[in-house]
Amino acid sequence: MSETTQSKPIHDFTLEPLEWHPYVTPVKLSEATPEQLDALKVTPSNTKVSDYVLVLAQEPETLAERTPLFNDIMYAPDGLSRGGREIGALAASFVNRCIYCAAVHANRYIQLEKRPDVIDAVYEKGLEADLPDFEQALFNFGVDLTAHPDHVGVYQFYHLREIGLDDLEILDLIHSVAIFGWANRLMHTLGEPHVKG
């Protein structure tokens, strides 16, 4: 079956399940070097190794550093809630128009927080979404940090503290936004999202 009949590229934000099709040939596990296999041994979700990670395995030294960092930022038990981190990643993905990442983080937020209304508002109004105060502060910070990092300062931190975030939670939010600013750009340049087919 050809790629065109299997799935098609997507250019609009969606909550539908997506696939990511790389432009760069992913590493084949059966042909991977010992260094590549070592770098692949810890995956963020502990499920199947994605094509994205298999593309990153072309540079195993980088992947070996990236994966533990990603895991610590998105899955560490203390600090900002998992849902809060997903809102930060979602904000970055909306600013950067990374459709694949946005779908992943929106769906994870719904699974974790059981608040589809928050995600519905983001998908309806995008960067202008009107959210509950807590989520609005996280989302706005993610948008500001991604779109205008040189303008982030006292004003934004005041709002985060006003909703009750402490230093560790703010740092977790910064990290979740920042790592997806980086990841979004990699996803854009290394492949494209397709509707699952």
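Annotations for the structure displayed:
- Remark: segment 86-189 projects, on average over all directions, an area of 6.1 nm² (convex hull of Cα atoms).
- Estimated inter-spin distance, residue 72 and residue 162, nm [label 7 Å along Cα→Cβ]: 3.3
- Theoretical FRET efficiency, 1/(1+(r/R0)^6), r = Cβ-Cβ of residue 124 and residue 8, R0 25 Å, to 0.05: 0.55
- On full extension, the segment bounded by residue 196 and residue 117 gains 26.0 nm, given 0.36 nm per residue less the C-alpha separation.
- Lys, Arg +1 and Asp, Glu -1 on Cβ, resulting dipole of segment 83-197 about Cα centre, debye, nearest 20: 520
- Leading residue at positive end of dipole, segment 11-169 (Cβ point charges), from 52, 145, 62: 52
- Over all Cα atoms in the chain, the spread is summed up by Rg and Dmax: 17.3, 55 Å.
- Cα-based helix-to-principal-axis angle, 167-190 vs the chain, degrees rounded to 10: 40
- Euclidean distance between Cα centres, segment 79-124 to segment 151-178, Å: 17
- Excluding ligands, DNA and RNA, the accessible surface per residue across segment 39-106 is 40 Å² with a 1.4 Å probe.
- Residue among 154, 27, 177 with the largest mean-square fluctuation in a Gaussian network model of the chain, springs linking Cα atoms under 10 Å: 154
- For the chain, the carbon plus sulfur part of the accessible surface works out to 54%, probe radius 1.4 Å.
- Each Lys and Arg contributes +1 and each Asp and Glu -1, all at the Cβ; summed about the Cα centre of the chain, the dipole is approximately 520 debye.
- Taking 11, 148, 105 in turn, the Gaussian network model of the chain (Cα-Cα springs below 10 Å) assigns the largest fluctuation to 148.
- D by Stokes-Einstein for segment 43-142, Kirkwood Rh over Cα pairs, 4 °C, 1.567 mPa s: 89 µm²/s.
- Label-point gap, in nm, between residue 188 and residue 97 - each point 7 angstrom along Cα→Cβ: 0.8
- Spherically averaged projected area in nm², based on the convex hull that wraps the Cα atoms of segment 141-194: 4.5
- In the chain, the calculated helix contribution to ellipticity at 222 nm averages -19000 deg cm²/dmol per residue, counting -39,500 (n - 2.57) for every DSSP H run with n ≥ 4.
- Gain upon complete extension [residue 59, residue 30; 0.36 nm per residue less C-alpha separation]: 8.8 nm
The values are calculated or read from the model by the stated rules, or taken from the named source; none is laboratory data. As the structure is a computational prediction, the values presented were derived from the model and not from experiment. Glycine gets a Cβ as well: all are built from the backbone with ideal geometry, and neighbour counts include every protein chain shown. For accessibility, only protein heavy atoms count, side chains too; no ligands or nucleic acids. Shrake-Rupley method; radii C 1.70, N 1.55, O 1.52, S 1.80 Å.
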